[in-house]
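Single-structure report; data block below.
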Amino acid sequence: MTDLLIRGADLNGRGRSDLLIRDGSFVDPSDAGGDVDRLDADGLIALPGLVDLHTHLREPGREDAETVESGTLAAARGGFTAVLAMANTTPVTDTAEAAAHVATLGARDGHAQVVPVGAVSKGLEGVELAELGLMARCGAGVRVFSDDGHCVADARLMRRALEYVRAFDGVVAQHAQDPQLAGAGACCHEGEISGKLGLPGWPAAAEAGVVARDVQIAELTRSRLHICHVSCAETVDVIRWAKQRNVNVTAEVAPHHLALTTSEVLGYDPTYKVNPPLRPHEHVEALREALADGTIDAVATDHAPHARHDKEHAFAEAAFGMLGLETAIGVVIQTMINSGLLSWPELAKRMSIMPAHIARLSDQGRPLAIGEPANVVLIDPAARAVVDRDASVSLSRNNPWHGRELPDPVVATIWAGRITYQKER
């Protein structure tokens, strides 16, 4: 592999420097010889490669919506060098063999590191624990376990899962949704708009109540708990309380919950049907504040591609979910950097360092320093573009940002020393 010299990058907002990459790692830039590829980074910010804790790659089983190859292309386009692939595939990633298969697909087809997320329960049915220990030991790097798309509603099963994963430093990532309080048909935040549209409502308490239960179980078991896609102010309050008690809990927020509100569903556009639902403005403000002060630890995309025939239905019948990998950093820049709520080093912490720490990825979220793995994204902080869903490298088109102007900052993504995306300049 030819050496790559990145010239004049602003290292995470801390001053300009050169970066030399050799054999997948950073080496002393003064060692650059004549046979070297050069990448001009004047005016660009270099950040550690982004890590997404929450990606739906759909393969195996729904390759019409996304594949490992197309999904990781979208990840690279968005500045990500690692993604955690959720377990709700067909078959479900609930065995060591299934986890190893996802990891093999990633090694073969991936444009970013692909780390399987193991299911908590067999078949995501919430009845019997999946092969947690075998998945952790199968060599696929499984440390995160989640029934995402379903809540682990049984408190005793949740306790058993938390006790089990503690033995190998795993974490249970909960999709917090009380299935009885939310109801099977809930698809819109419960409030004025759900009543006006006649859509089954999802109260904020259905999320916050499960989180309140789970942080107490985590305290009891002294185990690691992670809360997926926090969407409401009440949940923020519970997490803040738990952290004050030194409960080992972390949390993520999706970009769409930082920027979009319940008003988007007024046109019954199923693109905006997402689980958990979009919330009113006061919840969005609470989420931004919590991400800024560290109550929420990470941004995770919940990238959820769907084939057209699954999304193009009446709102109540359409599939949940929207795309997120290619636009995530643009949304975070718009809502958090441009508003002054986060600095560039803090963005790197929320989108790279903390996600890598939560997932226990030793080669990701590392400093841009000699001897470290060469995972880096180059950012143009001034670049903007109008989002065009038909220009996406994802196989799906359920893009909530279509037609909106957003920051379009990613100039190049480098994973393990290899350029996986480079914008024409």
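The values are calculated or read from the model by the stated rules, or taken from the named source; none is laboratory data. Everything numeric here is computed off the predicted structure, so don't read it as measured data. Don't worry about glycine lacking a Cβ; one is built from the backbone with ideal geometry, like all the others, and counts go over all protein chains shown. We work out accessible area using only protein heavy atoms, side chains counted, and drop any ligands, DNA or RNA first. Shrake-Rupley method; radii C 1.70, N 1.55, O 1.52, S 1.80 Å.
State whether the residues of region 63-77 include one that is open to solvent by less than 30 Å² (accessible area, probe 1.4 Å), over 30 Å from residue 207 (Cα atoms) and of a type in the set (Gly, Ala, Ser).
Looking through region 63-77, at least one residue is open to solvent by less than 30 Å² (accessible area, probe 1.4 Å), over 30 Å from residue 207 (Cα atoms) and of a type in the set (Gly, Ala, Ser).
Checking the condition part of a helix (DSSP H, G or I), of a type outside the set (Val, Ile, Thr), within 24 Å of residue 319 (Cβ to Cβ) and open to solvent by 10 Å² or more (accessible area, probe 1.4 Å), which residue from 180, 216 passes? Show your work before the answer.
On the way: 216 fails: within 24 Å of residue 319 (Cβ to Cβ).
Being part of a helix (DSSP H, G or I), of a type outside the set (Val, Ile, Thr), within 24 Å of residue 319 (Cβ to Cβ) and open to solvent by 10 Å² or more (accessible area, probe 1.4 Å) holds for just one of 180, 216, which is 180.
Of the conditions (1) open to solvent by less than 60 Å² (accessible area, probe 1.4 Å); (2) on the phi < 0 side of the Ramachandran plot; (3) out of contact with any helix residue (DSSP H, G or I) (no Cβ under 6 Å at 6 or more places or on another chain), residue 302 satisfies every one except a single condition; which number is it?
All conditions are met except number (2).
Looking at region 142-170 only, could you name the residues that are open to solvent by less than 40 Å² (accessible area, probe 1.4 Å) and of a type in the set (D, E, K, R)?
147, 148
Could you please tell me which pairs satisfy a Cβ distance under 9 Å, a separation of 6+ or placement on different chains, a first residue in region 5-16 that is free of Cβ contacts under 8 Å to residues at least 60 places away in the same chain, and a second residue that is of a type in the set (Ser, Thr, Tyr) and in a strand (DSSP E or B)?
Filtered contacts from region 5-16: 8/17; 10/17.
Might you let me know whether region 382-404 holds any residue that is farther than 30 Å from residue 313 by Cα, in contact (Cβ under 8 Å) with a residue 12 or more places away in the chain, open to solvent by less than 40 Å² (accessible area, probe 1.4 Å) and not in a loop (DSSP other than H, G, I, E, B)?
No - not one qualifying residue is present in region 382-404.
Condition test on residue 58, is it farther than 30 Å from residue 228 by Cβ, open to solvent by 10 Å² or more (accessible area, probe 1.4 Å) and under 30 Å from the mean Cα position of the chain (by Cα)?
Working: farther than 30 Å from residue 228 by Cβ: no; open to solvent by 10 Å² or more (accessible area, probe 1.4 Å): yes; under 30 Å from the mean Cα position of the chain (by Cα): yes.
In short, no.
Exactly one of these conditions fails for residue 368: (1) out of contact with any Leu (no Cβ under 7 Å at 6 or more places or on another chain); (2) part of a loop (DSSP other than H, G, I, E, B). Give me its number.
Result: residue 368 fails condition (1) only.
Kindly provide the set of residues from region 312-336 that are open to solvent by 30 Å² or more (accessible area, probe 1.4 Å) and touching a residue at least 12 places away in the same chain (Cβ under 8 Å), ordered by number.
Within region 312-336, the first condition is being open to solvent by 30 Å² or more (accessible area, probe 1.4 Å), and the residues that meet it are 312-314, 316-317, 320, 326, 334.
Once the filter is applied, which keeps residues that are open to solvent by 30 Å² or more (accessible area, probe 1.4 Å) and touching a residue at least 12 places away in the same chain (Cβ under 8 Å), region 312-336 yields 312, 313, 314, 316, 320, 326, 334.
For the subset of region 80-100 comprising residues that are open to solvent by 40 Å² or more (accessible area, probe 1.4 Å) and within 21 Å of the chain's Cα centre (by Cα), which member is farthest from residue 330 (Cα to Cα)?
Here the answer is 90.
Considering each residue of region 317-345, count those that are farther than 26 Å from residue 391 by Cα, assigned to a helix (DSSP H, G or I) and out of contact with any helix residue (DSSP H, G or I) (no Cβ under 8 Å at 6 or more places or on another chain), and give that number. Before the answer, list the steps.
As a first pass, look at region 317-345 and keep what is farther than 26 Å from residue 391 by Cα: 317, 339-345.
From what's left, assigned to a helix (DSSP H, G or I): 317, 344-345.
Next, from what is left, pick out any that are out of contact with any helix residue (DSSP H, G or I) (no Cβ under 8 Å at 6 or more places or on another chain): 317, 345.
Residues flagged as farther than 26 Å from residue 391 by Cα, assigned to a helix (DSSP H, G or I) and out of contact with any helix residue (DSSP H, G or I) (no Cβ under 8 Å at 6 or more places or on another chain) within region 317-345 amount to 2.
Check 352, 362 and return the single one that is under 27 Å from residue 227 (Cα atoms), open to solvent by 70 Å² or more (accessible area, probe 1.4 Å) and modelled with pLDDT of 95 or more.
Values: 352 fails: open to solvent by 70 Å² or more (accessible area, probe 1.4 Å).
Sole residue among the options that is under 27 Å from residue 227 (Cα atoms), open to solvent by 70 Å² or more (accessible area, probe 1.4 Å) and modelled with pLDDT of 95 or more: 362.
Report the residue count in region 237-282 for those that are of a type in the set (A, V, I, L, M, F, W, C), open to solvent by less than 30 Å² (accessible area, probe 1.4 Å) and not in a strand (DSSP E or B).
Going residue by residue through region 237-282, those that are of a type in the set (A, V, I, L, M, F, W, C) are 238-239, 241-242, 247, 249, 251, 253-254, 258-260, 265-266, 274, 278.
With the extra rule that they be open to solvent by less than 30 Å² (accessible area, probe 1.4 Å), the set shrinks to 238-239, 242, 247, 249, 251, 253-254, 258, 260, 265, 274, 278.
Remaining after also requiring not in a strand (DSSP E or B): 238-239, 242, 247, 254, 258, 260, 265, 274, 278.
The number of residues fulfilling the criteria is 10.
Return yes when residue 173 is in a helix (DSSP H, G or I), within 23 Å of residue 303 (Cα to Cα), open to solvent by less than 10 Å² (accessible area, probe 1.4 Å) and at pLDDT 95 or above and no when it is not. Explain how you work it out, then say what you get.
Working: in a helix (DSSP H, G or I): no; within 23 Å of residue 303 (Cα to Cα): yes; open to solvent by less than 10 Å² (accessible area, probe 1.4 Å): yes; at pLDDT 95 or above: yes.
It is false that residue 173 is in a helix (DSSP H, G or I), within 23 Å of residue 303 (Cα to Cα), open to solvent by less than 10 Å² (accessible area, probe 1.4 Å) and at pLDDT 95 or above.
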